[in-house]
1. So the check is Cβ under 7 Å with 6+ separation or different chains; which pairs have a first residue in segment 84-110 that's farther than 20 Å from SER134 by Cα and a second one that's among the charged types (D, E, K, R) and assigned to a helix (DSSP H, G or I)?
2. Could you check how many residues of segment 50-64 are under 18 Å from the mean Cα position of the chain (by Cα) and farther than 19 Å from THR39 by Cβ?
3. Residue check: is ARG223 more than 19 Å from SER106 (Cβ to Cβ), part of a helix (DSSP H, G or I) and of a type in the set (D, E, K, R)?
4. Out of PRO172, PRO154, which single residue is closer than 21 Å to LYS232 by Cα and either in contact (Cβ under 8 Å) with a residue 24 or more places away in the chain or not small (Gly, Ala, Ser) (or both)?
5. If I go through segment 120-142 residue by residue, how many of them are β-branched (Val, Ile, Thr) and in contact with a helix residue (DSSP H, G or I) (Cβ under 6 Å, 6 or more places away or on another chain)?
6. Taking into account only those residues within segment 20-40 that are surrounded by fewer than 13 Cβ atoms within 10 Å (Cβ to Cβ) and either of a type in the set (Val, Ile, Thr) or not in a helix (DSSP H, G or I) (or both), which is nearest to the chain's Cα centre (by Cα)?
7. Against the conditions (1) crowded, with 18+ Cβ neighbours inside 10 Å; (2) out of contact with any Lys or Arg (no Cβ under 7 Å at 6 or more places or on another chain), where does GLY130 fall short? Just the number, please.
Amino acid sequence: MPPQEPCPSNVISTESQLIRMRDDWDRRASLNARHYAATDREAWSDEDFYASGEEAVQRFILNDTTNICRGKPPNEMRVLEIGCGAGRITRALARLFGEVHAVDVSGEMVRLAREAVGEFPNAFIYQNNGMDLSVIPCKPFDFAFSCLVFQHIPSREIIHSYVHSVYRLLRPGGLFKFQAQGAATFESQPDDTWVGVAFSEEQIVQMAEACGFEARYRIGVGRQDFWNWFFKPA
C-alpha cells in the first residue's frame, strides 16, 4: 500500500500542541535536561550519563544487528534519531555508525546535544518543528531509531507525521525501530507533553500500513515501553 499523507484536519490544535511541546521541553531542559532525558536519576555525571547511552545502544541496537544492519558494517551506515534530547544516545550512535543525524523540538536540548557530540564530526543535530523531518538533508538512511520520545507526544497525528517522514528518508529494506506508549491506563490530554497518546496493537499496525511500512515485530503491547519494528518494503 502506498504511504498516505497525514490527515491535515485539526491544524490549529496541532500547531498549539507543537508550540506547547517546544516550550515545555525547553523549560525541562533549562531545569534539569539530563533528568528529563533519563529519569532514573536527578543528578547525572558526564560519565554516567553517557554510559547510560552506551548501555541503551548495547541493549536496543547491538543486540539486534540482524534486523538493523542486515549484513552492512555499522561504520558504513547513515542513521537517524528522533528526539535526541541532550545527546545521551546520539553520542553512542555516533561512536558506532558512520553518520548520525538527530532532531529535537527543543532548542535548548539541541544546544546540549551539540555539546555532547562535539568530538564526533559524523554527528549532525537539528532543531525540527516537532512533527516531521523536513530539516534533515534528503539522503538515503539505512536505519531510524527513537527511544523514550513518542511516549510523550499527545497526538496520533503528530506521530503519524513522523512515521511518514521516516518512510520518505529510509532506503528500501530499512528499519524504523521505535517505542510508543502502549499503556492506556489513563487518558492523555491534548496539552499534556509528558504523558503521550497510547496505541493499541491494531492502531500501530494501521499506522504502519497507512505510511507504507510493514509492521513486522512488536514487543510490549499494552505496556509503556511498546517497541515496534517497521520495515520499509524492499
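1. Short answer, once both residue conditions are applied: ALA86/ARG34; ALA92/GLU54; GLY98/GLU76.
2. 4
3. No: the conditions fail for ARG223.
4. Details: PRO154 fails: closer than 21 Å to LYS232 by Cα.
Exactly one residue qualifies, and that residue is PRO172.
5. Qualifying residue count for the region: 1.
6. THR39
7. Result: GLY130 passes all but (2).
To keep it simple, each residue is scored yes or no on (1) hydrophobic (A, V, I, L, M, F, W, C); (2) in a helix (DSSP H, G or I); (3) farther than 29 Å from ALA33 by Cα.
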site	(1), (2), (3)
TYR167	no, yes, yes
ALA183	yes, no, no
ASP192	no, no, no
VAL195	yes, no, no
ILE204	yes, yes, yes
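Since every read-out is calculated from the coordinates, none of them should be taken as a lab result. Source: prediction; values computed, not measured. Quick reminder, even Gly has a Cβ in these numbers, built from the backbone with ideal geometry, and neighbours come from all protein chains shown.
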